[in-house]
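The next block holds one structure in the form of structure tokens; read it before the comments.
The values are calculated or read from the model by the stated rules, or taken from the named source; none is laboratory data. These numbers come from a predicted model, not from an experiment. Counting neighbours? That spans all protein chains shown, and the Cβs are built from the backbone with ideal geometry, glycine included. Side chains included, ligands, DNA and RNA excluded: accessible areas come from the protein's heavy atoms. Shrake-Rupley method; radii C 1.70, N 1.55, O 1.52, S 1.80 Å.
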Amino acid sequence: MEYKAPLGVKIEENGVIPGAKKLVRRLSDLKGYFQDEEAYEKLLRENPVVYEVYAVEQEEKDGDLNFATTVLYPGKVGKEFFFTKGHFHSKADRAEIYYAIKGRGGMLLQTPEGKAEWVPMEPGTVVYVPPYWAHRTVNTGDEPFIFLAIYPADAGHDYGSIKEKGFAKLVVEENGEVKVVDNPKWKE
Ligand SMILES: O=P(O)(O)OC[C@H]1O[C@](O)(CO)[C@@H](O)[C@@H]1O
Ligand SMILES: [Fe+2]
């Protein structure tokens with residue numbers, strides 16, 4: 001039997017995991033995701049980084065675990081706060097754990113039938129993403145929102161239906177307050 005080597009790694013203050021695979025998502029990678037297309041096109045001239053992911057991933061095998069930090073930058077497109085794309089797992093019954101490290105935000109979760117839930121997150125919050133729920137994180141603050149995700153190595157990402165239909169709820173700023181409102185364009 002060949003055993004893998006254990007690994008201990010310290011997450012840096014800025015959310016970076018040394019030696020991890022880095023993925024950068026800019027606004028241009030999120031075309032079609034935000035409600036306000038005019039505000040999107042305007043901000044696209046700057047094409048800001050919306051989030052970075054630092055992932056330590058294993059082979060896609062049953063029983064193993066991946067982990068990744070995400071640094072989700074503060075910002076808005078129109079009224080809507082910056083968010084991650086959001087996904088179901090390709091193996092839809094795979095669960096996931098998130099742990100908030102820095103900043104402020106929350107998670108939108110949604111069943112395949114379109115039942116949406118909002119879970120606020122601040123440093124120290126643990127979120128359990130049950131099997132079958134799509135999940136997207138949102139930065140509602142004015143500093144980077146940094147969190148750790150731990151997920152089965154064979155979970156995979158299924159972006160399809162979220163990219164097409166979005167979430168049933170939006171997280172917006174209204175009169176200086178964070179509001180979770182119904183998505184007027186939501187189609188079941
Ligand atoms: O894959 P998305 O929806 O862009 O969100 C990125 C985050 O979600 C994960 O895929 C985990 O669910 C991580 O790799 C990362 O923390
Ligand atoms: Fe996930």
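Overview of values
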read-out	value
Flag if Leu108 is crowded, with 20+ Cβ neighbours inside 10 Å, within 15 Å of ligand 2 (Cβ to nearest atom) and touching a residue at least 60 places away in the same chain (Cβ under 8 Å)	yes
One residue from Lys4, Lys22, Lys91 being closer than 26 Å to Ser161 by Cβ and among the basic types (Lys, Arg)	Lys91
Odd one out for Gly78 among (1) touching a residue at least 40 places away in the same chain (Cβ under 8 Å); (2) surrounded by 15 or more Cβ atoms within 10 Å (Cβ to Cβ); (3) under 23 Å from His157 (Cβ atoms)	(3)
Any hit, the stretch 139-158, residues being open to solvent by less than 20 Å² (accessible area, probe 1.4 Å), in a loop (DSSP other than H, G, I, E, B), without any contact (Cβ under 8 Å) to a residue 60 or more places away in the chain and in contact with a strand residue (DSSP E or B) (Cβ under 8 Å, 6 or more places away or on another chain)	no
Enumeration of residues in the stretch 35-56 that are within 14 Å of ligand 1 (Cβ to nearest atom) and either open to solvent by less than 30 Å² (accessible area, probe 1.4 Å) or closer than 20 Å to Gly166 by Cα (or both)	Val50, Tyr51, Glu52, Val53, Tyr54, Ala55, Val56
Lone unmet requirement of (1) acidic (Asp, Glu); (2) out of contact with any Ser or Thr (no Cβ under 8 Å at 6 or more places or on another chain); (3) within 16 Å of ligand 2 (Cβ to nearest atom) for Glu113	(3)
Residue satisfying all of: in the stretch 142-185; away from ligand 2 (no atom under 16 Å from the Cβ) and of a type in the set (Gly, Ala, Ser); nearest to the chain's Cα centre (by Cα) among these	Gly166
